Amino acid sequence: MKAMMMGFAAMIAISVGSYFVLQEMGFSADAVHSGDAVRLD
Amino acid sequence: MLRAFLVLVLCLGLLPVSAPMVSAQETVTDRSATGGAQTLEDILARQRGEEVAPRTGDAASAARDLSGQLGTLGGASDPDLWRALRYGSADITVSSGGEVASVLMQDGGMAWLEFREGPLAKYGGYLLLGTIALLLVFFVLRGRVKLDYEKTGRTVTRFKTMERAAHWLLAGSFILLGITGLLTLFGRMFIAPYISKDFNATLLLASKYIHNNVAWAFIVALFAVFVMWVWHNIPNRTDITWFAQAGGIVGSKHPPAKKFNGGQKIIFWSVILLGGSISLSGVSLLFPFELPMFMKTFDLMRSVGIESLPIYGPLPTALAPHEEMQYAQAWHAIVAFVLMAIIIAHIYIGSVGMEGAYDAMGTGEVDEAWAKQHHSLWLEELQKKGEAAPKDAPKNATPAE
């Protein structure tokens with residue numbers, strides 16, 4: 001059970017971490033596929 | 001007098017009808033400039049409510065000679081340009097969106113959508129439901145695989161904490177990815193119409209966030225599991241015996257096996273290869289248009305002489321960026337369905353299907369009787385290393401340090 005919890009905790013940590021890392025990298029669709037000539041707001 | 005008046009009225013009444021007929025006959029007298037197709041005069045005549053004579057002659061062939069701007073039937077049209085636009089080979093400049101946005105027309109979308117909502121959902125769903133049904137039938141017929149030897153009370157360590165943590169990291173992420181993937185595919189079919197579109201939209205938004213981010217946990221776990229267990233999963237001769245005796249699952253024999261038996265090796269390599277393929281197509285989908293893989297794959301297949309595939313037909317020779325994504329999504333889902341079916345069977349045998357199997361991944365400790373029944377060669381290795389009590393040890397004896 002302890003190992004299972006460790007695995008699930010690692011899953012949450014990696015997932016949340018990847019979310020923030022990808023956002024920092026400009027991963028979102030508007031960051032990747034829009035330019036100055038396109039307004040999304 | 002009265003008769004003369006009626007004749008005059010009748011003539012006046014008929015006059016507007018007969019006049020256009022004369023006019024139409026006049027407009028068709030000279031259509032040489034259009035090769036027989038209608039002229040501006042014809043159009044104006046029709047707008048006046050007059051009848052226009054039908055097209056005459058071979059207008060298409062006549063129009064080929066026309067080169068003036070705005071010539072009838074597109075005499076100044078450039079079929080090469082339109083063809084290039086149609087098939088995505090025109091030299092297009094776009095203000096944003098890069099190479100992808102320069103494809104103005106691609107027709108793979110409908111075929112992909114029809115495949116996704118048709119055969120993919122249908123046969124994928126049947127596969128999962130069929131697997132569950134088969135396992136239920138098997139459970140009813142075979143029952144649980146019981147422990148045939150008397151429990152010794154001594155346990156051996158089957159999997160260490162790190163191994164189990166990696167397994168649960170892989171398992172937890174795969175289950176989340178599977179559920180969110182199924183919601184993405186089936187939500188519009190089974191949730192939106194019966195619960196609500198808003199609920200489905202909220203569910204899919206959450207699914208998207210979970211799927212896109214938990215994917216990395218799955219990839220990390222896949223790599224960790226591969227590194228830890230690949231050595232134990234290299235096929236060997238004992239696997240042949242194991243398969244010949246159906247792993248003891250059917251029948252009463254207990255074929256010898258090392259740490260992983262033949263069935264577990266099938267699971268392992270399925271997870272690694274199919275999971276690896278799902279990961280690659282998934283990363284390709286996570287970074288749209290940046291990591292196209294299918295044209296390279298098709299080129300590679302052609303280079304080894306594979307020109308077509310059963311059911312699919314000839315391999316494509318060119319793919320628009322969007323088609324690359326459509327192929328990636330279709331492949332991602334097909335392979336995921338197959339792996340989900342395999343994992344459902346794995347979950348069954350690791351839980352209700354076999355007595356004592358869950359302990360291996362639960363506490364990591366299994367009774368020596370269980371190890372002897374299912375992994376006798378592995379137990380012997382442990383006994384030689386002193387990590388398990390000798391064969392003739394009395395019940396509840398502790399293994400030698």
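The values are calculated or read from the model by the stated rules, or taken from the named source; none is laboratory data. Nothing here was measured: the structure is a model prediction, and the numbers come from that model. Positions of Cβ are backbone-derived with ideal geometry, glycine not excepted, and every protein chain shown enters the neighbour counts.
Contact annotation: residue pairs with Cβ atoms under 8 Å, 6 or more positions apart or on different chains, pairing a residue in the range A:3-16 that is within 7 Å of chain B (Cβ to nearest Cβ) with a partner that is surrounded by fewer than 18 Cβ atoms within 10 Å (Cβ to Cβ) and of a type in the set (S, T, N, Q), are A:Ala3/B:Thr161; A:Met6/B:Thr161. Taken over the range B:84-106, residues that are under 30 Å from B:Ile311 (Cβ atoms) and surrounded by fewer than 12 Cβ atoms within 10 Å (Cβ to Cβ) amount to 1. Is it the case that the range B:228-248 has a residue that's within 14 Å of another protein chain (Cβ to nearest Cβ) and either in contact with a strand residue (DSSP E or B) (Cβ under 7 Å, 6 or more places away or on another chain) or of a type outside the set (Phe, Trp, Tyr) (or both)? Within the range B:228-248, one or more residues are within 14 Å of another protein chain (Cβ to nearest Cβ) and either in contact with a strand residue (DSSP E or B) (Cβ under 7 Å, 6 or more places away or on another chain) or of a type outside the set (Phe, Trp, Tyr) (or both). Of everything in the range B:81-132 that is out of contact with any helix residue (DSSP H, G or I) (no Cβ under 9 Å at 6 or more places or on another chain) and of a type in the set (Phe, Trp, Tyr), the residue that is nearest to B:Leu291 (Cα to Cα) is B:Tyr87. Only one entry in B:Gly187, B:Gly143, B:Gly124, B:Gly178 is under 26 Å from B:Gly275 (Cβ atoms), assigned by TED's automatic domain parsing to the domain that holds B:Val250 and free of Cβ contacts under 8 Å to residues at least 40 places away in the same chain, namely B:Gly187. Contact annotation: no residue pair with Cβ atoms under 9 Å, 6 or more positions apart or on different chains, pairs a residue in the range B:246-259 that is farther than 13 Å from B:Lys372 by Cα and surrounded by 13 or more Cβ atoms within 10 Å (Cβ to Cβ) with a partner that is β-branched (Val, Ile, Thr) and at pLDDT below 80. Of all residues in the range B:151-179, those satisfying the criterion of being within 8 Å of chain A (Cβ to nearest Cβ) and polar (S, T, N, Q) are B:Thr161, B:Ser173.
Of the residues making up the range B:290-298, one or more are free of Cβ contacts under 8 Å to residues at least 60 places away in the same chain and of a type in the set (Lys, Arg). Being touching a helix residue (DSSP H, G or I) at 6+ places or on another chain (Cβ under 7 Å) and farther than 17 Å from B:Ala257 by Cβ is the filter; apply it to the range B:363-386 and report the residue that is surrounded by the fewest Cβ atoms within 10 Å (Cβ to Cβ). So the residue we want is B:Glu365. Per the listing B:His322, B:His332, B:His346, the residue uniquely of a type outside the set (A, V, I, L, M), outside any loop (DSSP other than H, G, I, E, B), in contact with a helix residue (DSSP H, G or I) (Cβ under 8 Å, 6 or more places away or on another chain) and within 14 Å of chain A (Cβ to nearest Cβ) is B:His322.
Please state which of the following conditions B:Gly282 fails to meet, knowing it meets all the rest: (1) surrounded by 14 or more Cβ atoms within 10 Å (Cβ to Cβ); (2) away from chain A (no Cβ under 14 Å); (3) at pLDDT 90 or above. Condition (2) is where B:Gly282 drops out. Taking the criterion of being under 17 Å from B:Ser284 (Cα atoms), buried (at least 19 other Cβ atoms within 10 Å of the Cβ), more than 8 Å from chain A (Cβ to nearest Cβ) and without any contact (Cβ under 8 Å) to a residue 60 or more places away in the chain, the only residue of the range B:200-220 that qualifies is B:His211.
Between B:Leu113, B:Leu85, the distinction of being more than 14 Å from every other protein chain (Cβ to nearest Cβ), part of a helix (DSSP H, G or I) and under 30 Å from B:Ile342 (Cβ atoms) belongs to B:Leu113 only.
Looking at the range B:344-362, which of its residues are surrounded by fewer than 18 Cβ atoms within 10 Å (Cβ to Cβ), hydroxyl-bearing (Ser, Thr, Tyr) and in contact (Cβ under 8 Å) with a residue 24 or more places away in the chain? If the condition is that a residue be surrounded by fewer than 18 Cβ atoms within 10 Å (Cβ to Cβ), hydroxyl-bearing (Ser, Thr, Tyr) and in contact (Cβ under 8 Å) with a residue 24 or more places away in the chain, then no residue fits.
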